[in-house]
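One structure is given below, encoded as structure tokens.
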Amino acid sequence: GDRLRTDRAHHCRALRRGSHSGPRQVKVLGVAFSPDGARLLTAGSDAFGLIWEAGTGKASKPGVLRGHSARVTSALWSPVWNSKRLFVTSSRDRTAIVWDSHAAQAHVLRGHRDEINSAAWAPGGATIATASEDGCVKIWDASSGKCLSDLEGHEDAVTCVVFSPAGDCLVTCGADGTALLWSSAGRQLATFSGHKKEITAVAFSSDGQFLATASLDQTVKIWSVNGAECVDTLLGHEDGVSSVAFQPVPGTVPVCLLADEPITQEYEKDAAKWLDEL
């Protein structure tokens, strides 16, 4: 049957059904389900976003999102699922675009001096954060497109950003190997240092008490948010770790990883030992 597949061939076929022309090697750089689970949003290196029907894997109207002039680095639905059904895409063209349910551009977020690496919605859907190669994170009003504040504290590119589950704070991570904790008002609260190379991904536990950071140094570190300290380092990957996520169950903090190399037995033992000690 028609199973949903977010691979290059699927992305290219959808583009050929639109106005894309010519053979091209396309990478899918981001994927997100809509809050109701009915649709899927993907970000491509072809400078397009695509909307899919989750149940069939077929392109969903309006289909192709055109507006960026360089690769789309992330694509995210607003967590607030109302009649507007907003979503945001970020790009290497230094902009992020807020779209409405008809794929019309509600706002184009301009102001970064370099490529935008990622974007994140605040849990209430009122604000959006964008992380850039220019070393800055900008907070935007989602309804007006106005920049509310600039978060500057990293010594190199900012690779990723995420809001806490409660939305009262956010964490930014950088190529400088540090993660910074900020209040929602833009005040720096803590610095998490310990990685030897760039941090590629970050996640909050569902209760907001812990952070997990993944790095090119082949490790994942677990941090206490309140104590601003590393409580454990998970070893075992044979290459840089590219993604990290907590199991979404309150009161538990196991970590699921996606890396450039398979997880080794050493990692599995280390992770199991850490969980047993909780």
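At-a-glance table
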| read-out | value |
| --- | --- |
| Residues of the stretch 36-57 that turn out to be open to solvent by 10 Å² or more (accessible area, probe 1.4 Å) and in contact with a Phe, Trp or Tyr (Cβ under 7 Å, 6 or more places away or on another chain), as a count | 3 |
| Enumerated strands (runs of 3 or more DSSP E) restricted to the stretch 110-168, each holding at least 1 residues that are open to solvent by 50 Å² or more (accessible area, probe 1.4 Å) and modelled with pLDDT of 95 or more | 147-152 |
| Some residue of the stretch 228-246 being part of a loop (DSSP other than H, G, I, E, B) and without any contact (Cβ under 8 Å) to a residue 12 or more places away in the chain | no |
| Val202 modelled with pLDDT of 95 or more, β-branched (Val, Ile, Thr) and part of a strand (DSSP E or B) | yes |
| Residue check for Gly194: at pLDDT below 95, of a type outside the set (Phe, Trp, Tyr) and open to solvent by 20 Å² or more (accessible area, probe 1.4 Å) | no |
| Condition met for Leu151 (in contact with a strand residue (DSSP E or B) (Cβ under 7 Å, 6 or more places away or on another chain) and free of Cβ contacts under 8 Å to residues at least 40 places away in the same chain) | yes |
| Among residues of the stretch 92-109, those that are surrounded by 24 or more Cβ atoms within 10 Å (Cβ to Cβ) and either hydroxyl-bearing (Ser, Thr, Tyr) or touching a residue at least 60 places away in the same chain (Cβ under 8 Å) (or both), counted | 0 |
| Count - residues of the stretch 165-217 that are within 22 Å of Asp232 (Cβ to Cβ) and touching a residue at least 60 places away in the same chain (Cβ under 8 Å) | 0 |
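Let's see how each residue does on (1) surrounded by fewer than 21 Cβ atoms within 10 Å (Cβ to Cβ); (2) in contact with a strand residue (DSSP E or B) (Cβ under 7 Å, 6 or more places away or on another chain); (3) in a strand (DSSP E or B):
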| position | (1), (2), (3) |
| --- | --- |
| Gly67 | yes, yes, no |
| Ala70 | yes, yes, no |
| Ala75 | no, yes, yes |
| Lys84 | yes, no, no |
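Results for (1) of a type in the set (Val, Ile, Thr); (2) touching a Lys or Arg at 6+ places or on another chain (Cβ under 7 Å), shown as yes or no for each residue.
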position	(1), (2)
Ala126	no, no
Asp156	no, no
Val161	yes, no
Ala166	no, no
Thr172	yes, no
Ala179	no, no
Thr191	yes, no
His195	no, yes
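The values are calculated or read from the model by the stated rules, or taken from the named source; none is laboratory data. All figures in this text were calculated on a predicted structure; none of them were measured in a lab. Note: ideal-geometry Cβ built from the backbone for every residue, glycine included; neighbour counts use all protein chains shown. Quick note on the areas: whole protein, heavy atoms, side chains included, nothing else; ligands and nucleic acids left out. Shrake-Rupley method; radii C 1.70, N 1.55, O 1.52, S 1.80 Å.
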